[in-house]
Amino acid sequence: MSEKQPQKTKEKNDDFLMQGMILAIAMVMTKVIGVLYRIPLTNILGDAGNGFYGYAYEVYAMALMLSSFSLPTAVSKLVSERMAKRQRRNAFRVFICSMVFSVIVGIAIALLIFFGADFISVHIMESPLSAYALKVLASGLFIVAVLGVLRGYFQGLGTMIPTAVSQIIEQVVNAVVSIAGASVLFKMGTKAGEKAGEELLGPAYGAAGGTLGTVGGALFALLFLLFVFYAYHGILKKQLQKDKSRHRESYRRILKILLITIAPVIFSTAIYNINQILDLTIFNKIMVMQGYTEKEYMALQGIYTGKYNTLINVPLAMANGLAASVISSLAAAVAAGKKGQIHGKIEQTIRLTMLIAIPCFAGFVVLASPIMVFIYGDASFTPAALLAAGAVTVILYCLSTVTNSILQGLDQMAAPARNAGISLVIHLAALFLMLGVFKWNIFALVGSNIVFSICMCILNMRDIYNTCGYRQEIKKTFLLPLAAAGIMGVAAFGVYHLFDKLIGGRFIPVIIAIMIAVVVYAVGILKFGVLTEEEILMLPMGGRLLGLVKKFHLLTR
C-alpha cells in the first residue's frame, strides 16, 4: 500500500495541474484575442473613445462582481467539498440554489445600473458621455450571473474544459460584434455630434457600440454551457441515483453557506475593482483641478485602460486560470485533511505561475516600445513608458491572484478581503501623494498599483503560513527564473535591435526577438535546474516535453 500511495498523489497532482493549465491556456487565448481585436477597436474609438469605454467597463466590472464574479469561486468551492465527500445530491442542490440566487441578483443589479447610468456617469465618474456604454453593458449583467454559476459548477466537478471552451467562444463573438458595433455607432455618433455641437459624441457612441460585443459574447457562451449541461444531464441523473449519503442539506442552509462564502469573496474582489474605479475617478478630478480638459485627461485614461491594461492583463489571465483550478483542488484536499498534498498544490501553483509571469515582466521592460508599435502602431513615449514602468505588476498581481485563491481554498475566505482593505488604504495614500504632490500624471496610477500589489503579496503569504504552515521556497521559484529572464531580456533586446537595423519594419524584428526570448528563457530555466524530471512530467504533455529536453541534453544533473 505504501508503494502505491505516491503514484496516486502524483496522478491527482497531474490532473490538478492539467485542469489548471487548460483553463490558463484558454484564458490567455481569450486575452490574446482581446489584444488583437482591441487594435482595430482602438483605432476606431481613438484615445478619448477608449477612455469612455474603459471607464464604463470599470463600473460594469464592479456591478458584475456584485452579481456574479464571486459565484464561480463560491459554487466551485462548495460543490468540490461535497463531491470530495461523495455527496453528489448535495452538490447538485448547491447548483440549484446558486442558480436561483444568481437570477434574482443578476436582474436586480442589471436594472439598477441601467436606470442609474446617467447619475453614475455625471455625478460620480465626471464623464457624462460614458452613460451610453454603461447602459449597453447593464444588459449583460444578468447573462453573466447565470453563466458564472454554470462555470463554477463544472469547475467544482473537477473539469475546466466547459469553462475554457465557453470563454474562447465568448471572446471570439465579443471581438466580431465589438468591432462591427463600434464602427457603425461611431459614424452615427459623429453625425449626431455635428448637429449637436458635441465633438466627443462620436467616441461615446463608438464606445457603446464596442460594449455590444461584451453582451453578445456572454450570451453565446451561456448558450454553449446550457447545451453542455443538457448533454451532461443524463450522466448527472445516474450519479444522483447512486448517491447513498443520507444527509440532505436544506436550501435554506445552502443559501446561508453560499452567502457566507460569497461575502468575503465579493469584498476582496470589490476592493480590486473599486481600486480601479477610484483610481480613474480621483485621476479625473485632480486633472480637472490641475487645469486639464476632459478631452486631455480622457485621452490619457484611454492609453492607460485601452493599451497598458490590455497588455498587462494577458499574462494575468494565466494566473486567473490556475487560481480557479487551485480553489476546488485545495478545498477537496482540506476536506480530506491531507496536509502534504495541500503544501504540494500551493508550491506547484505558485512555482508555475512565476515561471510564466517573470519572463513576461522582463519582456515588457525591454521590448515596451517595439510591442506598442507592433500592436497599436504607437511610437509615442507615454504608452511604452507606462508598460515598462508597470511591467513588475505582472509578477505582483499574478502572485496576489493565486495567493487569494489559495487562501479561499484553505477556507480562509475573509483573509483576502481583509488584506485587500489594508492594501487599498495604503494604495490611496500613495496615489494622492503621486498625483497631487509629485504630479506624476498618468504614471501615478501605475505607481500606486505597484504599491497595492506589493502589500497584497506580503499579507497573503503571511496568512498562508499562519493557516497551514507553508513556507515559500525562494531560489527555484523567484531567483533562478529572474536570472533566466535577465539573460532572456538581454538576448531579446539585442536581437530586436539587430534585426531592426538589418530588416526594419513593424513586425518581423519583434516576432524574431520574442521567439528567441522564449528559447533562451526555456534553456536557462532547465540549465539552472529550476525544474526536475518529475516536475516536467507533471506539466501538460509532460512526457513529450521531457523527451525533447533529454534529446537536447538540457537538464542539469
Fill in the blank from the handout: The farthest towards the positive end of the charge dipole of segment 60-186, of the residues ILE104, SER80, ALA145, given +1 on Cβ of Lys and Arg and -1 on Cβ of Asp and Glu, is SER80
Fill in the blank from the handout: With +1 at each Lys and Arg Cβ and -1 at each Asp and Glu Cβ, the charge dipole magnitude of segment 247-372 around its Cα centre, to the nearest 20 debye, comes out at 680 debye
Handout entry: Virtual spin-label span in nm between MET541 and ASP243, 7 Å along Cα→Cβ
Key = 3.8 nm
Practice task
State the extension gain, in nm to one decimal, for the chain segment bounded by LYS550 and LEU255, taking 0.36 nm per residue of separation less the distance between their alpha-carbons.
Solution key: 100.9 nm
Handout entry: For HIS497, solvent-accessible area (1.4 Å; no DNA, RNA or ligand), Å²
Key = 80 Å²
Completion exercise
Of the residues ALA317, CYS468, ALA414, the Cα lying farthest along the dipole of the chain towards its positive end, which is defined by charges on the beta carbon of Lys, Arg, Asp and Glu, belongs to CYS468
Handout entry: Point-charge dipole on Cβ atoms (K/R +1, D/E -1) for the chain, about Cα centre, debye to 20
Key = 2360 debye
Practice task
Only helical DSSP H runs with n ≥ 4 go in: add -39500 (n - 2.57) per run for the chain, normalise by residue count and round the 222 nm mean residue ellipticity to 500 deg cm²/dmol.
Solution key: -28500 deg cm²/dmol
Problem - GluC sites (Glu not before Pro) within segment 104-206: DSSP coil, no more than 15 neighbouring Cβ in 10 Å - result: GLU198, GLU199
Fill in the blank from the handout: Here D for segment 289-371, in µm²/s, from Stokes-Einstein with a Kirkwood Rh over Cα pairs at 10 °C and 1.306 mPa s, works out to 100 µm²/s
Handout entry: Separation of the PHE114 and HIS233 label points, Cα + 7 Å toward Cβ, nm
Key = 2.8 nm
Practice task
Filter the cross-link list LYS307/LYS501; LYS307/LYS339; LYS77/LYS135; LYS307/LYS550; LYS31/LYS237 down to pairs whose alpha-carbon distance in this structure exceeds 31 Å.
Solution key: LYS307/LYS339; LYS77/LYS135; LYS307/LYS550; LYS31/LYS237
Exercise for the section: Find how much the distance from VAL35 to GLU534 grows on full extension, using 0.36 nm per residue of separation minus their present alpha carbon separation; answer in nm with one decimal. Expected result: 176.1 nm
Exercise for the section: Could you pull out every whole DSSP H run in the chain that spans at least 27 Å of Cα extent along its own axis and averages 1.6 or higher on the Kyte-Doolittle scale? Expected result: 88-119, 508-527
Problem - Euclidean distance of C-alpha centroids, segment 160-223 and segment 339-405, integer Å - result: 27 Å
Practice task
Could you give me the percent of Cα pairs per 20 Å distance bin for the chain, shortest bin first, beginning at zero and ending with the bin that holds the maximum distance?
Solution key: 20, 55, 23, 1, 0
Practice task
Pop the C-beta distance of VAL288 and ASP411 into the FRET formula with R0 = 45 Å and round what comes out to the nearest 0.05.
Solution key: 0.50
Exercise for the section: Subtracting the Cα-Cα distance from 0.36 nm times the residue separation, let me have the gained length for ILE124 to ILE474 in nm, one decimal. Expected result: 121.6 nm
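The values are calculated or read from the model by the stated rules, or taken from the named source; none is laboratory data. The structure presented is a predicted model; accordingly, all values stated were derived computationally and were not measured. Backbone-built Cβ (ideal geometry, glycine too); neighbour counts: all protein chains shown. For accessibility, only protein heavy atoms count, side chains too; no ligands or nucleic acids. Shrake-Rupley method; radii C 1.70, N 1.55, O 1.52, S 1.80 Å.
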